[in-house]
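The structure under discussion appears below in the form of structure tokens.
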2 protein chains.
Amino acid sequence: MNIGRASAESGISAKMIRYYESIGLIPAASRSEGGYREYSDNDVHTLRFIRRARDLGFTVEQMVELLALWRDRKRASADVKRIALKHVEELERKARELREMSGTLKHLAEHCKGNDRPDCPIIAELAEEAGQPARPSSGRRRFGPMAAGLTTGRSTSGRPARS
Amino acid sequence: MNIGRASAESGISAKMIRYYESIGLIPAASRSEGGYREYSDNDVHTLRFIRRARDLGFTVEQMVELLALWRDRKRASADVKRIALKHVEELERKARELREMSGTLKHLAEHCKGNDRPDCPIIAELAEEAGQPARPSSGRRRFGPMAAGLTTGRSTSGRPARS
DNA sequence: CCTTGACCTTCCCATTATTGGAAGCCCCAC
DNA sequence: GTGGGGCTTCCAATAATGGGAAGGTCAAGG
């Protein structure tokens, strides 16, 4: 089958299938006379594996590992468990941070009258000259570029959500 | 003061200060004879405001709004509250999704013996041919490109973690 | 047989926030 | 007066994905 079909059957866009091939997550597909990529049911099987892993928030890098373990009949389940647990830890840490942030904000918002007067503790807090003189350009970064890798808005966030 | 000093005092890297200027989050700084950017204490004040907002997970886009509100003495606190609460909702949703993911994974990992035998329900789950034939190339996407915007690994994930 | 349209190909660009590097000025302390 | 470090700009990369252009292929219909 061609890439469109494989895409429909696996739930991964054709674009991403080509991308995954380009970065080596999946081997290069064989081509038809006309240069079209050809996929077998087995390939689709692999693609679905990838889709599920992706839906669980695994990064491509982790998927490389998982795929190798999947294909290796002699793999030790301990390896899989290790990867999974490491991922669980990451997810939990990120969830915790998110909850802390939302808690702080919520608290601030609760003390914000929400009327048309300019008093607002949220702004006040942000403007406050408090604490240490700030660690020098700590360069603290956020998540990884794509952060947690959640299957977000599904139907909700189809739009680019910005300009 | 020059950008290095402003960076140290605000906790935002010089690189990011220039970046914020380039995208219009902050106005272009005046320049010294030698072409160096010059910052006042007030500018540093603004930069710290930005740093705090960033630490609370606000995106640049949201910071633009917050800064405008901050600078506008006649602002309505209702606007600030609205933005904050919307952000809280987002954060909570993301945290919830993360917890769901980690829960699923944890459950799977608990049933994985973790020995040197190849049996592993994690792999089995991923490989399973179950369910619907997968919604056609749904193109479901994850978070925004930078997802939640947490102050992540601090010391943990400093490394590029790849290649 | 040839056209049409759906599908495929590659390549490039954009997104987000941030860091890294290179090449080349500038400035202050010694 | 000079050396090293700070400053400047521009370019690239990151992760994952979408969007589009320009052009080739395939299958069905006229």
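With the simple spin-label model, which puts each label point 7 Å out from Cα in the Cβ direction, the A:E21 to A:E110 separation comes to 5.5 nm. Dipole magnitude for segment B:3-58: computed about the Cα centre from +1 point charges on Lys and Arg Cβ and -1 point charges on Asp and Glu Cβ, it is near 220 debye.
Inter-chain neighbour count for B:43-54: the average number of beta-carbon atoms from partner chains within 10 Å of each residue's beta-carbon is 3. Taking every residue in B:10-18 and counting other chain Cβ atoms within 10 Å of its Cβ, the average works out to 3. Across the identical copies, the 7 Å label point of B:E65, projected outward along Cα→Cβ, sits 3.8 nm from its counterparts, in ascending order.
Over 30 Å apart at the Cα level, from the set A:K15/B:K94; A:K81/B:K94; A:K86/B:K94; B:K81/B:K106, are B:K81/B:K106.
With each label modelled as a point 7 angstrom along the Cα→C-beta vector, the B:K86-B:M1 pair spans 3.4 nm.
Read-outs throughout are calculated quantities, based only on the coordinates presented, and are distinct from any laboratory measurement. All figures in this text were calculated on a predicted structure; none of them were measured in a lab. Don't worry about glycine lacking a Cβ; one is built from the backbone with ideal geometry, like all the others, and counts go over all protein chains shown.
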